[in-house]
Each structure stands twice: as C-alpha cells, then as structure tokens.
Amino acid sequence: MASPPLTSPQAVDLAVRVGTLELGNPILSASGTFGYGLEFAHLAPLEQFGGIVTKGLSLEPLLGNPPHRICETASGMLNSIGLQNIGIRRFLDQVLPDLADYPAKVVVNLFGTTPDEYVRLAELVEPQPGIAAIELNVSCPNVKRGGIQFGHDPELLGDLVRRIRAVTGKPLIVKLSPNVTTPAAIALAARQAGADALSAINTLVGMAIDTRTRRPRLHTVKGGLSGPAIKPIALRIVFDVARASGLPVIGIGGIETVDDVLEFLLAGASAVQVGTALFRDPRTAARLVGDLRQRLFEDGIASARELIGGVLLEPGA
Amino acid sequence: MATRDVACRVLGVECHPLPYYTISLETPPDFPEVAPGQFVMALADPGRDPYLRRAFSVFDVSRAEGLPRLELLGKVIGRGTSRLAARRVGDNVHVLGPLGRGFRLEGAGRAALVAGGVGSAALLLLARALHAAGSAFDVLYGGRRADDLACADRFADLASGAGGELVAVTEDGSRGRRGLVTEALEDGLAASRWHSVFTCGPTPMMARVAALATRHGVPGQAALETPMGCGYGACLGCAVPHRDGRFALCCQDGPVFDFDEVSW
C-alpha cells in the first residue's frame, strides 16, 4: 500500500464503476422509494446522490393497487403498491429534462408484462442521453401479470435480456428476486444473455394479519418486505451472485448506516441503493455519502473501490 | 414547498388521560406556518423498531420567546405512538413538516366541526382559524365515553367565543348527549343549522358524515387518516380511492379532501 496518506476527507475517492456505468459515489436511491427524484429536491440534496433509480416505469401509466398498500413490521415494512407510475412517455417528456441536469446518474427502472413491452421501453430509452443505465424489474412481487415470471426462470430471463440487449447499448442492470431458491442461477443466465450488472435484492414476499379484524393487513394479502429486517438476506445474496456471475452488483436491502454500506461493498457490491430508509429520512442517501467519506478517511482508505469484494474468508470458504 | 426536517426539543408531555396525550415541541425559529389540517411526520426514537415515522395532525401552534411551538395530540395505539408518549422534557423528536393540503376556509359560513375521538387533533387549528375570522361554528365531539373527548374544553372555549357551542356525544352517555355524533349532526343538518361541515375521525364515521351532509346539500371537507410510510409522497402507500377512479395520495393530495372527491 504505497498510496500517500490522506490529508482530508475530501481526498477520499468515492467514485465507482458498475460495469460501464460510472458513478461519482456508490450511493443510489432504490426504485420505488424516491419517485422520480425531482419531486423531492426540496427535501434532499439530489446533487449528492451517486445515482437515482426511478420508480418502475411501464409503457402506459398504472394506477396501482387499492389500499391498504403498506404496513409496518418489525424493523421493516410490507408494501403492495402495484407499480403505480406515470408511464415512460410522461417521464421522458416532463421529468427527465430537469432530472438530467443533476450530476446524479439517472437509472430508469423498466417493467413490462411481455418481452415486447420491455423491448419497446428499452427502444424509447435508448436515444436519451440523460439516461445513464437501465435497471430491469423482473422481480416485483406485487403485480399479478408483472415481470415476476421472468425473474424466476433462467431461460425466460435469458431470452428477455437477449432481446433487450439487442436494442440498447446502455448499461443493462438486472434486478434480482430473492424469492427463488438459487439467485446465482438467475444471475448466471443474466450474464450469459448480455447483462452488464445485477442489482440485488428486490423485496421478499411476506404477509401480516390484523389479529383484531382477522384480515390481512394488505389488500393484496401478500406484499414485499423491505427495511433493516432483510439486510442479512440481501448481503448473502449479493455475496453469492457476485461470486457466481462475476458481474458487478449493486447491493440493496435495509441499508441505512455507513456500516451497512461497507458490509455490502465487502460482500462484493460495487455500489448500493438506499430504499426504505428514505421513507424514514429523505436525507439518508446524502448523509451516507458524507459518512462514507469520513469513515474511509478515518480508516486510511483512499478509494471506495478498494473495499469491493474485500471480505476476508478462510481458505476454501 | 415549505417543508422542514428538524429536531425539536420536547417541552412537555401531558396525559388527557391516557391513552390520550399531548406532546409539546419547540421548533427552530424558521419553522413554516402550519395551515389547519396539515400534519407532521414524527420520529421519537433513533432505534429500528418501530422503523418509520408516525403521522400526527398539528393540534395546536403557539409562540413563546420567539420560538414556535407545536402541540401534537395522540392516542397510544402501538409501538410508535407509545414511544412518543414516553418522551421526556429535553428529549429530541424529529419532525418532518408541515405536510399535506389543509382545510380550505373560504365560504365556510356557519360550520359544523365533527370530531370522532382523537380525530379532534385535526380540528383545533381549524377552530382557531374560524374563531379568528369571526366565523361562527359548533363542535360536535363524539366518542365511546367521556375520556375519549380529550381536550374538549379547548374546543368549548373557542366555539362559545365564536357564537357556537360544543356538543359532546358519547355512546355510553357518560358525557353530553348519548348516542353517535352523526346523530347529532343529522339533527342540526335537518334544522339547516350549518353552511359547511368539517370532519376528522374514524373512516366509517367520516363516510357517514359526508353522506349526511351531501344529502342535505351541505358541502364539506374531511381530514383522512391512512397508514403512511413516508408522509411526503415517495412511498405511495397512503392511497385514497378518488371519485375519478384514480388513487389520490393522502399525504400529498390530502389529508384534507372535499367530501365529493373521495370514493367513500
């Protein structure tokens, strides 16, 4: 380690690469937890985000599910929003022009119900210079006809990714479901089909019941569990899929503190997305950028990249 | 948008009696003005269980030594609300707010304010605003029993000062009229007593209030309560079925809705 000693936190290099996606720092907002970014600029300094992953976008606007859509659970929450969104065209026309002015990289999260819809979405996104990357939502648990079947079947997923790969040169990130026995098998299929990176994990399917009324707490009975409760599972899956696929991974799941960020980087993530923590505090992502800089400075680590995959394992582990 | 995220010092917690309590918070001097019906998201505890903030109507606002004070009226229901009630003087509570769309007072005329239990939390600032505007109003305050009418005297003072009255209604008759608050409302509507109705309480009660007012041709507004994840429009968790077939967001489009906006 011949790197010169750090003189200040500002000297720490937070820049990371996720495949060909270059980020000023490894902290992004997770899809579905910060809208389209712009509407919350008065609550959080967007310019400090490494990237903003949009709410899942479909070809046509979606109204979402009836209430109740959320309920809090131990150290987390269940949601069943149903992919309510404004549709890709309105996003491109009305949001992207202003959002692209921020240094944070814009990653669009896309979902369709058929491969043709995904392809059409990717075609609409391809000519947009303000969009840095595509994240494919193939793992939302809350829509009956949604993309979930793609994310649960290596063959279907491979075919889907190949078709999208054919129409876009943008970095292609496949968001993995934790609700499968072997996420690594899905990750390998994504890699073989031409994906540039993975993000993991989406929410875990869960359920809660109101014991007084004996009714499920969510209208859709089941929903997606997120928050600190899922962090160890997310960490395990990031570790597994990074090793199995060799692809860069963006870690997601219960991230709230700088220690959480370091854990994901050490497990093999090249960047992280912050989700449910933004509901509790919209400034979480910006705070983590500052905390990470400070922590690396204190630990004498010149670049966040040094940590990626750096977990120390016994031989053979 | 004038929304702040600030740490507020707890000035006091008062029981009215439990499970009802008010918590007084000292905010920074530049805390924005709060409109009647607006709310804040409060986080009492840096721990992770409960993890999310809790939504509270701003019950009252005052000013002392140049610093704005917020008063929140709550009811201990679960972990989040009990943590907040257990705060002590000097503790910090993180407050995001003010949030949402409050009551619109234009053309209120003589008004009925219909509160169900802790729903009264959304109506005290409204009573103050009507009082300040010289608008007469009555407060119909309902609960199962007398203890459910927390801080009723404050409403009584404001209403009588504005040429109206507090009508207490309890299901067990332990205070005021015995029965349901909606029955008292129906009597007054039948007597053409009011030009507008404002309400906050359990959803079935508000649905009944809206139906009765509409039947008598009286417009009104309801401050809705739904589970909220964030309070600022990000989680999309607080969907309210809108008359036009869409889902409105309680936190952004509300919490105050016209009676005819909501698909009850």
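We did not get these values from a lab; they are worked out from the coordinates using the rules stated. It should be emphasised that the depicted structure is a prediction, and the values quoted were computed from it without experimental measurement. Cβ sites come from the backbone with ideal geometry, for glycine too, and all protein chains shown count toward neighbours.
One table, with the values for the structure above:
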{"read-out": "Placed amide H near A:Leu198: partners under 5 Å, 5+ positions off or other chain", "value": "A:Val174, A:Val249, A:Ile250"}
{"read-out": "Between helix B:181-190 and chain B: long-axis angle, C-alpha atoms, 0 to 90°, nearest 10", "value": "40 degrees"}
{"read-out": "Degrees separating the helix B:203-215 axis from the principal Cα axis of chain B, which is the longest one", "value": "40 degrees"}
{"read-out": "Least to most buried among A:Ile131, B:Ile77 (fewest other Cβ within 10 Å first)", "value": "B:Ile77, A:Ile131"}
{"read-out": "Cβ-placed point charges (K, R +1; D, E -1), dipole of the protein assembly as shown about Cα centre in debye, nearest 20", "value": "960 debye"}
{"read-out": "Additional length obtainable on full extension of the chain from B:His242 to B:Glu183, 0.36 nm per residue less Cα span", "value": "18.6 nm"}
{"read-out": "Unit Cα scatterers, Debye sum, the range B:20-68: log10 I(q)/I(0) for q = 0.18, 0.27 Å⁻¹", "value": "-0.69, -1.17"}
{"read-out": "Separation of the B:Ser62 and A:Thr113 label points, Cα + 7 Å toward Cβ, nm", "value": "5.7 nm"}
{"read-out": "Debye, to nearest 20: dipole size of the range A:181-288, +1 on Lys, Arg Cβ, -1 on Asp, Glu Cβ", "value": "520 debye"}
{"read-out": "Zone of B:Ser263's modelled label, taken as backbone nitrogen in the range B:196-213 under 17 Å from a point 7 Å along Cα→Cβ", "value": "B:207"}
{"read-out": "Net charge dipole size for the range A:1-106 [Lys, Arg +1 and Asp, Glu -1 on Cβ; Debye, nearest 20]", "value": "240 debye"}
{"read-out": "Other-chain or far-sequence residues with amide H under 5 Å of B:Val256's (modelled H)", "value": "B:Arg101, B:Leu224"}
{"read-out": "Farthest positive-ward along chain A dipole, Cα basis, beta-carbon charges - from A:Pro216, A:Val95, A:Gly130", "value": "A:Pro216"}
{"read-out": "Modelled label reach - A:His152, point 7 Å along Cα→Cβ, the range A:104-139 residues with backbone N closer than 14 Å", "value": "A:138-139"}
{"read-out": "At R0 = 56 Å, FRET efficiency that the Cβ-Cβ distance of A:Gln192 and B:Glu26 yields, to 0.05", "value": "0.40"}
{"read-out": "Nonlocal amide H pairs with A:Leu204, under 5 Å, H built at 1.01 Å", "value": "A:Leu225"}
{"read-out": "Estimated vicinal HN-Hα couplings, Hz - the range A:187-201 in sequence order (Karplus 6.51, -1.76, 1.60; Gly, Pro = x)", "value": "4, 5, 4, 4, 5, 5, 8, x, 5, 8, 7, 10, 10, 7, 10"}
{"read-out": "Evaluated over the range B:22-134, the Cα radius of gyration and Dmax, each in Å", "value": "14.7, 47"}
{"read-out": "Projected label distance in nm at A:Thr211 and A:Ala41, using a 7 Å step from Cα toward the beta-carbon", "value": "4.8 nm"}
{"read-out": "Using alpha-carbon coordinates, inclination of helix A:258-267 to the longest axis of chain A, degrees", "value": "90 degrees"}
{"read-out": "Modelled FRET efficiency - R0 56 Å, A:Glu298 with A:His219, Cβ distances, 0.05 increments", "value": "0.75"}
{"read-out": "Percentage, to the nearest whole number, of Cα pairs in the protein assembly as shown over 49 Å apart", "value": "17 percent"}
{"read-out": "Alpha-carbon radius of gyration plus Dmax, which is the widest Cα pair, for the range A:56-163 in Å", "value": "14.9, 43"}
{"read-out": "Whether chain A is rounded, prolate or oblate, judged on the alpha carbon gyration tensor where a/c under 1.5 counts as rounded", "value": "rounded"}
{"read-out": "Förster-model FRET efficiency, 56 Å R0, A:Glu123 and B:Arg215, C-beta, rounded to 0.05", "value": "0.60"}
